[in-house]
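Novice: Please read through the structure below; I'll follow up with questions.
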């Protein structure tokens, strides 16, 4: 099956707009006139790196003014926001691309997307010589495009030989010390940056990189520091389409930049980069088919940046439950089970999901405060939290601080891969190792830890030792039955680390733990294994393999010195005295009752997870 | 416990910026000078309707130019986008608020946020007379604010008596037929709209309504059609802060509007409305403390509209599994269970989560295409899909169409409350009742339907009838045991709709279904109930209540004519012959084995849900 709705859509769109024959190819230098007016390519690349392209999406052309956005990003990285703002303002001029638009008193260009501003921006690139600046710039393009770039020498020479207006602008900028050094070097780099060869797919990738917070979604390489990305997108949004910028935001609704080579790149932050290439320009210098195609795509898919859902607020809480309803996987004895059912409401779990932005973090805080009214322990799980914004982490840090001050214990789980966020949270709350913020990998480990705090000193049968009569499976045995049953059992001891049984062993033994603790471990490939649960004195195991007459599905390992009584079930089955028959029946019934209880717990857990 | 991180944050912020003493109270009319220069309020309202406010957030003041954004929305609703654009353009003027900025040839104001554009916008409000227009406008404010509004008569008279420049503008507009009727009426409404009394909290609510796609998040009332919301936000973004608009987007990054009364409202789409009120204005006519406070909040919480996560792409698939791992809750007999385990991979479930925007919908399509390579039935669940964008629904419609053409069956579940989306999808694929798109409420119903398709003609025991020997619980019974056991059973018949037992009945009977089907129903409050599962011939029920010696936890109702054999368990327990003892033991063991199998299924389901 090879159908793709959006690829089909783009092909149809391309066909229908190929008939649009408005505008003129740029003619201010003869080289641009060599472009085939019929060239028409569309490309879209998502933040997941999926590429869609149709038509002449691989045709090289000169980037022209689109380079201004890229250079602006370089200038920010090399100088910081404040220094760049001192040289170039960020207000729309309301005028055409070649307007001079300098601030009357300072000589500062109105914005970096008009020629005056772009020339001033080039002057801000690190590098002593024109060559150094150019190298710095081309290196940046390499990271955006995942390949090296070349300059169209003919276009460059032509730009250089006809660029008198730009020379005049550069001297005006030099005159007011906006450019502080030699204007020729700056102009040379400016003419070269306009002559860089790109394809429509390249532009989409530049857009996708900006949409993806500055990381190239195909190579995974960071191109621009994430805090500069909104700055570049802001000037694209307010000034990127010359004196069509207002209408573009109104109708298409994405930060964008166009060039007289016929390219347009538009960015939907967090989603994709979209590029159209077609050389015929409208009276404002924007690609006519480009504008039309972008309008259509935006309107067909409701892509306006201000057309949003309700953030992810309603779904940020993936699941919330307490330990009474979803206890840890640790197998407890009857008394401990009863205590956890009774006290489990003091341990609340909030599983988060999706993006944690301001409003969704606000919901988390609200839910956590509600939960903390009843709970003493709060487990916040980040496993499914795909993104945590810079503000959200300080809100969560504030939450932890407030709750800690009120004597609550907060545990963060699923934080693997969110190291930066956790580091920030720890820093903000002034974390020290003796603080009650605990950082677990798995919810289950955190749950078990909290349960252990609840049980500490409460359980009447300690985890260390339990008599045989405390066993769940032997409920309602008469003294006589108990005596006969005990006589059938074999006493065994195991040292720490010893295997009680191994995966694949025949399942004919039933173990009753008298003292110590064992772990149930499933061997995985490559010598790895996974702990399923732990069992302590008072618990029994082996009943499922016994019922199924199957083999052991896991290893059982002694966590410390362990003593137990073992029933060979076959031996019990061979006895047919009325007493033995009654023991068999009671044992089977008690096992059934225990399984019914576990099934009820599992059903509750499924319900909690689905809620 | 009454701690709230963000409320505390706002209070601290308010304290520190109360010391900022820059700017001047507006003085072009004497009434505005009566404002206390120390007034300072901040309010933030989220799209979930949570309200935060500090300082003078309840102090009334005149809305002034912020009314321009509201009136622009009214004009769009009354005339549509095209007609409004013919009268007022949407380009930033790059000039001050009172600049005249008319297009040279048409006389069209540059945008609706400068006085000329706002006056032209007032002329576009429906209504023959000034009174009609005013009523229309005040009605709109009522919906934004959830209360009626009043006009400050002193300010209004003062605006009217000094508004000569605005009168000049109105005549210029009349001269070029931008205003087509009497200018006095238009100006009167314009002066009145500037004099509407609002509080800082009111402005935050207006912002929250725009952030919430046009629905007031506190009252739930729609104020503005959702497709006009991005238009209003676009003009606020490009022109809302006069000749500070570019820098505002650059530094604060939210569509916003300010007024000379000292108010500023900013909108973070999908998240919240933020308002600051403080009467001292900077040289551009924006509240000085307002600008400073908004900058600080935006920077502290990373709220710039172009600072995004990676959309919700990575988490849009909440869970995906097949019927072999998570079968329906329908209880099947052994043969059917075996078939579903074998064929269940042909039924795939994709549970969606969060926002379905362009890129996340694209992921869904990709995942669905992968799933459809193996599966014949695809269940797409929308229960957790909080928002489906206009473009995403056509992408999903395209997916359904493609897969249907390839012979796949698509079922949509959890679509309750998403009626509009489903209607659109059905329309786009040209849905007719005989098409294989099935619309279920619950995943489980859809799963059961798909399983029934898989089983059709395959299962050797039909659902209609099954002999006693086919019962799971009677495996390994000898012929003699079977005979004795059958003699203990009572034959019963039930008509369609009859109750086999009711919730709360004593649980001492075990039912073996011979023919027909029953449903397990849990009664809820208010005469409602929920179907848990259905059982068909060959199944048994009542074993858990029997094991627990508890009461029935559900009603059992005959779906059609039902025959069954019933065991009174007490009667079995009274018999102590070796044969009876053996039957008791085998029955208990078989029940245990069945529960172990169900527990294994539940554990798999939990694992699938947690994956």
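Novice: Which one of these does residue A:288 not meet: (1) touching a helix residue (DSSP H, G or I) at 6+ places or on another chain (Cβ under 9 Å); (2) farther than 30 Å from residue A:452 by Cα?
Specialist: Of the numbered conditions (1) touching a helix residue (DSSP H, G or I) at 6+ places or on another chain (Cβ under 9 Å); (2) farther than 30 Å from residue A:452 by Cα, the odd one out for residue A:288 is (1).
Novice: Test residue B:249 against the criterion of being within 11 Å of chain A (Cβ to nearest Cβ), buried (at least 23 other Cβ atoms within 10 Å of the Cβ) and under 30 Å from residue A:603 (Cβ atoms), and give yes or no.
Specialist: Judged against the criteria, residue B:249 is not a match.
Novice: Quick check on segment A:300-318: of everything there that is outside any loop (DSSP other than H, G, I, E, B) and at the interface with chain B (Cβ under 9 Å from one of its Cβ atoms), which residue is modelled with the lowest pLDDT?
Specialist: A:313
Novice: Answer with yes or no whether residue A:33 is outside any loop (DSSP other than H, G, I, E, B), more than 39 Å from the chain's Cα centre (by Cα) and either touching a residue at least 24 places away in the same chain (Cβ under 8 Å) or away from chain B (no Cβ under 13 Å) (or both).
Specialist: Spelling it out, residue A:33 is indeed outside any loop (DSSP other than H, G, I, E, B), more than 39 Å from the chain's Cα centre (by Cα) and either touching a residue at least 24 places away in the same chain (Cβ under 8 Å) or away from chain B (no Cβ under 13 Å) (or both).
Novice: If I go through segment B:548-570 residue by residue, how many of them are more than 44 Å from the chain's Cα centre (by Cα) and closer than 24 Å to residue B:519 by Cα?
Specialist: Of the residues in that region, 8 qualify.
Novice: So, one more: Does residue B:106 count as at pLDDT 95 or above and in the same structural domain as residue B:188 (by TED's automatic domain parsing)?
Specialist: No.
Let's see how each residue does on (1) more than 16 Å from residue B:193 (Cα to Cα); (2) over 42 Å from the mean Cα position of the chain (by Cα):
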{"residue": "B:150", "(1), (2)": "no, no"}
{"residue": "B:158", "(1), (2)": "no, yes"}
{"residue": "B:176", "(1), (2)": "yes, yes"}
{"residue": "B:183", "(1), (2)": "no, yes"}
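Novice: So, in segment B:571-588, how many residues would count as being in a helix (DSSP H, G or I) and more than 53 Å from the chain's Cα centre (by Cα)?
Specialist: 12
Novice: Residues being part of a helix (DSSP H, G or I) and either crowded, with 19+ Cβ neighbours inside 10 Å or more than 8 Å from chain A (Cβ to nearest Cβ) (or both): count how many of those fall in segment B:370-389.
Specialist: Total satisfying the criteria: 4.
Novice: Moving on. Looking at A:81, A:51, can you tell me which residue is within 14 Å of chain B (Cβ to nearest Cβ) and touching a strand residue (DSSP E or B) at 6+ places or on another chain (Cβ under 6 Å)?
Specialist: A:51 is the lone residue from the list that is within 14 Å of chain B (Cβ to nearest Cβ) and touching a strand residue (DSSP E or B) at 6+ places or on another chain (Cβ under 6 Å).
Novice: Right, another one. Which numbered condition in (1) within 22 Å of residue B:226 (Cα to Cα); (2) in contact with a helix residue (DSSP H, G or I) (Cβ under 9 Å, 6 or more places away or on another chain); (3) part of a helix (DSSP H, G or I) is the only one that residue B:172 fails?
Specialist: Failed condition: (1).
Novice: Could you check, for segment A:229-239, whether at least one of its residues is under 17 Å from residue A:271 (Cβ atoms), more than 8 Å from chain B (Cβ to nearest Cβ) and touching a helix residue (DSSP H, G or I) at 6+ places or on another chain (Cβ under 6 Å)?
Specialist: yes
Novice: With the condition kept exactly as written, say whether any residue in segment A:348-361 is at positive phi, buried (at least 24 other Cβ atoms within 10 Å of the Cβ) and in contact with a strand residue (DSSP E or B) (Cβ under 8 Å, 6 or more places away or on another chain).
Specialist: yes
Novice: For the structure I just gave you, tell me whether residue B:565 is part of a helix (DSSP H, G or I) and over 30 Å from residue A:383 (Cα atoms).
Specialist: So residue B:565 fails the test.
Novice: Conditions: (1) surrounded by fewer than 22 Cβ atoms within 10 Å (Cβ to Cβ); (2) modelled with pLDDT of 80 or more; (3) more than 11 Å from every other protein chain (Cβ to nearest Cβ). Residue B:412 meets all but one. Number of the miss?
Specialist: Only one criterion is unmet by residue B:412, namely (1).
Novice: Can you name the residue in segment B:556-568 that is closer than 23 Å to residue A:595 by Cα and buried (at least 21 other Cβ atoms within 10 Å of the Cβ) and is also nearest to the other protein chains (Cβ to nearest Cβ) among such residues?
Specialist: My answer is B:567.
Novice: Let me ask something else about it. Of all residues in segment A:262-301, count the ones that are out of contact with any strand residue (DSSP E or B) (no Cβ under 8 Å at 6 or more places or on another chain) and farther than 29 Å from residue A:387 by Cα.
Specialist: 6
Novice: Same structure again: What single numbered condition from (1) free of Cβ contacts under 8 Å to residues at least 40 places away in the same chain; (2) part of a helix (DSSP H, G or I); (3) under 27 Å from the mean Cα position of the chain (by Cα); (4) more than 8 Å from chain B (Cβ to nearest Cβ) fails to hold for residue A:342?
Specialist: Only one criterion is unmet by residue A:342, namely (3).
Novice: Separate question: Please state which of the following conditions residue B:325 fails to meet, knowing it meets all the rest: (1) surrounded by fewer than 24 Cβ atoms within 10 Å (Cβ to Cβ); (2) farther than 22 Å from residue B:144 by Cβ; (3) away from chain A (no Cβ under 12 Å); (4) more than 30 Å from the chain's Cα centre (by Cα).
Specialist: Here residue B:325 meets the rest and fails (4).
Novice: Assess whether residue A:275 counts as being surrounded by fewer than 24 Cβ atoms within 10 Å (Cβ to Cβ) and either facing chain B (nearest Cβ under 9 Å) or at pLDDT 95 or above (or both).
Specialist: No.
Novice: Pick from segment A:574-586 the residues that are under 21 Å from residue A:548 (Cα atoms) and more than 9 Å from chain B (Cβ to nearest Cβ): which of them is surrounded by the most Cβ atoms within 10 Å (Cβ to Cβ)?
Specialist: Among residues in segment A:574-586 that are under 21 Å from residue A:548 (Cα atoms) and more than 9 Å from chain B (Cβ to nearest Cβ), the one surrounded by the most Cβ atoms within 10 Å (Cβ to Cβ) is A:583.
The values are calculated or read from the model by the stated rules, or taken from the named source; none is laboratory data. Worth saying up front: this structure is predicted, and the values here are computed from it rather than measured. So basically every Cβ, Gly included, is an ideal-geometry build from the backbone, and we count neighbours across all protein chains shown.
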